[in-house]
1. Determine whether Val190 is surrounded by 10 or more Cβ atoms within 10 Å (Cβ to Cβ) and touching a residue at least 40 places away in the same chain (Cβ under 8 Å).
2. Give the number of residues within region 20-35 that are surrounded by fewer than 16 Cβ atoms within 10 Å (Cβ to Cβ) and among the aliphatic types (A, V, I, L, M).
3. Which members of region 26-69 meet the condition of being closer than 22 Å to Ala13 by Cα and either touching a Leu at 6+ places or on another chain (Cβ under 9 Å) or β-branched (Val, Ile, Thr) (or both)?
4. Would you be able to say whether some residue in region 19-28 is modelled with pLDDT of 90 or more, in contact with a helix residue (DSSP H, G or I) (Cβ under 7 Å, 6 or more places away or on another chain) and not hydrophobic (A, V, I, L, M, F, W, C)?
5. What tally of residues in region 28-44 results from selecting those that are more than 14 Å from Ile5 (Cα to Cα) and touching a Lys or Arg at 6+ places or on another chain (Cβ under 6 Å)?
Amino acid sequence: MIPEIEESYRIEAPEQALAMLNPLRGEILSRLVEPASAAEVARMIGETPQRVNYHLKTLEKVGLVRRAGTRQVRNLVEVLYRAIAKTFVLSESLGMKPETARKLQDQGALAHLIQTADRVRQDALLLMERSDAAQPVPSATLQLMVPLGDERERERFLAEYVAAVQALVQKYTDSAAADRGESKVPYQMVVAVYPTPE
């Protein structure tokens, strides 16, 4: 008998929190309110069955999904999975070691980077759809690489980087406030820093 799915589940284990910070795993969980196979979930979210199956194994290992039976499909036996709850809440009182907390923070930053990149992509596509073909949309990108050493140097660079950008933004914000009679268009600005994948 398949156990009933909970309405909400509070995540208090660090390993579960780390698993949930991957955006794709969150998407997979949202599709498992009803039992489904890796192949079915893959079709729903436009991913490969192999990649979905890998993340399902991780979610099963930390106890966020459970097996809900099997199904014969031609000559294969598919395993069906189901989430343990419909919604998940991250507990504020997670008891974890300092190194685990740092990893959780780093993974959270990466998850936010992925979400931000997806938002930029969606905004760019929307601007292309709404713009006149004969009139380009004013936009710009800047991609640079900087060599950084230990954590202290990285933190110094980031602090100087943020301060410089904030000062520049404040300069033009003050200018816009002074020119009250002139209509100005708000521009979205995204700042990202991350190590180059090897």
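The values are calculated or read from the model by the stated rules, or taken from the named source; none is laboratory data. A quick note: this is a predicted structure, and the numbers were derived from the prediction, not measured. Cβ sites come from the backbone with ideal geometry, for glycine too, and all protein chains shown count toward neighbours.
1. yes
2. Residues in region 20-35 being surrounded by fewer than 16 Cβ atoms within 10 Å (Cβ to Cβ) and among the aliphatic types (A, V, I, L, M): 2 in total.
3. Within region 26-69, Ile28, Leu29, Leu32, Val33, His55, Leu56, Thr58, Leu59, Val62, Leu64, Val65, Arg67 meet the criteria.
4. Scanning region 19-28 turns up no residue that is modelled with pLDDT of 90 or more, in contact with a helix residue (DSSP H, G or I) (Cβ under 7 Å, 6 or more places away or on another chain) and not hydrophobic (A, V, I, L, M, F, W, C).
5. Residues in region 28-44 being more than 14 Å from Ile5 (Cα to Cα) and touching a Lys or Arg at 6+ places or on another chain (Cβ under 6 Å): 2 in total.
Per-residue answers, yes or no, for (1) exposed (fewer than 12 other Cβ atoms within 10 Å of the Cβ); (2) modelled with pLDDT under 80; (3) in a loop (DSSP other than H, G, I, E, B); (4) small (Gly, Ala, Ser):
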site: Glu92; (1), (2), (3), (4): yes, yes, yes, no
site: Pro136; (1), (2), (3), (4): yes, yes, yes, no
site: Glu153; (1), (2), (3), (4): yes, no, no, no
site: Ala167; (1), (2), (3), (4): yes, no, no, yes
site: Lys171; (1), (2), (3), (4): yes, no, no, no
site: Arg180; (1), (2), (3), (4): yes, yes, yes, no
